[in-house]
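This report refers to the structure that appears directly beneath it.
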Amino acid sequence: MSNHSYEPESFAFTPEYLEKAKVFIAKYPAGRQQSAVMPLLDLAQRQEGWVSRAAMEVIAEMLDMAPIRVEEVATFYTMYNRKPVGTFHVQVCTNLPCMLRGSDEVVAAAKAALGVEFGEMTADGKFTLSEVECLGACVNAPMMQINDDYYEDLSAETTKAVLEAFKRGETPKPGPQNGRQFSCPAGGPTSLTELKFEGGKA
């Protein structure tokens, strides 16, 4: 049993998630089922919102692993939440590319909009604010991830607008928030602007 008061006494996959877990386990040959540890941790987190010690013990039993081996995976990767988080997990990247493109302003706007610091949850349990390392969207820096979605090309103003929309129960459109298409050049196309197609070939 954990010393943390938020740790539950037990965990069980719901029938829906148990079926998904079995599908993942079946993808691996006999004796190699431990390879399913990461997707099973993800399923537990999707069910509960975070990964408890009880969930890790259940996963260890399902995969015939020592519980410490499951915990090693869960604590190595930052994508697994080891304590409860809000309904909306707001993860702001502050790594070098985002910092150079203004993540300090994004951080300040997020803290002001939510009224919490990094590592804290709002009083209503809806938002948790976290600082994270590179999320791999450097070309669209600065950015933040909210649950599974990326919000990119942020400014202080658009950061506040995205978070206020979530507060109102809306789901803002993910992706660049400055109008550009995906990761195209911010100033528009710079090459192949006169490419003509004839007969299906360039």
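The values are calculated or read from the model by the stated rules, or taken from the named source; none is laboratory data. None of these values were measured; they are calculated from a predicted model. Cβ coordinates were reconstructed from backbone atoms using ideal geometry, including for glycine residues, and neighbour counts include every protein chain displayed. The area values use the complete protein model at the heavy-atom level, side chains included, leaving out ligands, DNA and RNA. Shrake-Rupley method; radii C 1.70, N 1.55, O 1.52, S 1.80 Å.
Under a 1.4 Å probe, what is the accessible area of the chain per residue, stated in Å²?
Here the residues of the chain average 60 Å² of exposed surface.
Using DSSP, restrict attention to beta bridges with both residues in the chain and report what percent are antiparallel, rounded to the nearest 5.
55 percent
Under the rule a/c < 1.5 gives rounded, and otherwise a/b versus b/c splits prolate from oblate, where does the chain land using the Cα gyration tensor?
Cα axes put the chain in the oblate bin.
In degrees from 0 to 90, rounded to the nearest 10, what is the angle of the helix 67-76 Cα long axis to the longest principal axis of the chain?
Tilt relative to the chain: about 20 degrees.
What angle do you read, to the nearest 10 degrees and between 0 and 90, between the alpha-carbon axis of helix 15-26 and the longest principal axis of the chain?
Taking Cα atoms only, the helix is inclined about 90 degrees.
Classify the range 70-146: rounded, prolate or oblate, from the alpha-carbon gyration tensor (a ≥ b ≥ c, eigenvalue square roots; a/c under 1.5 rounded; otherwise prolate if a/b is larger than b/c)?
It is oblate, given that a/c is not under 1.5 and a/b is not larger than b/c.
Using a 1.4 Å probe on the protein chains only, how many percent of the accessible area of the chain belongs to carbon and sulfur?
Percent of accessible area from carbon and sulfur atoms in the chain: 52.
Please work out how much length the chain gains when fully extended from residue 4 to residue 124, using 0.36 nm per residue of separation minus the C-alpha to C-alpha distance, in nm with one decimal.
Taking residue 4 through residue 124 to full extension adds about 41.1 nm, to one decimal.
Could you calculate the FRET efficiency of residue 22 with residue 46 from 1/(1 + (r/R0)^6), where r is the beta carbon distance between them and R0 is 22 Å, rounded to 0.05?
Here the calculated transfer efficiency is 0.90.
Can you tell me, using C-alpha contacts under 8 Å and at least 6 residues apart, the relative contact order of the chain as a whole percent?
14 percent
What value, in deg cm²/dmol to 500, does the helix sum -39500 (n - 2.57) over DSSP H runs of n ≥ 4 give at 222 nm once divided by the residues of the chain?
Using -39500 (n - 2.57) per qualifying helix, the result is -11000 deg cm²/dmol.
When the label point is put 7 Å from the Cα of residue 167 along its Cα-to-beta-carbon vector, which residues of the range 124-161 have a backbone N closer than 11 Å?
Hits in the range 124-161 for residue 167 at 11 Å: 160-161.
Ordered by packing density, taken as the mean number of other Cβ atoms within 10 Å over each peptide's residues, highest first, how do 184-193, 138-147 rank?
Packing proxy ranking, top to bottom: 138-147, 184-193.
Going by alpha carbons, how many degrees (0 to 90, nearest 10) lie between the helix axis of 37-48 and the longest principal axis of the chain?
90 degrees
Using a cut-off of 14 Å between beta-carbons, work out the net charge of the residues near residue 123 (Lys and Arg +1, Asp and Glu -1, residue 123 not included).
Residues near residue 123 contribute -1 overall.
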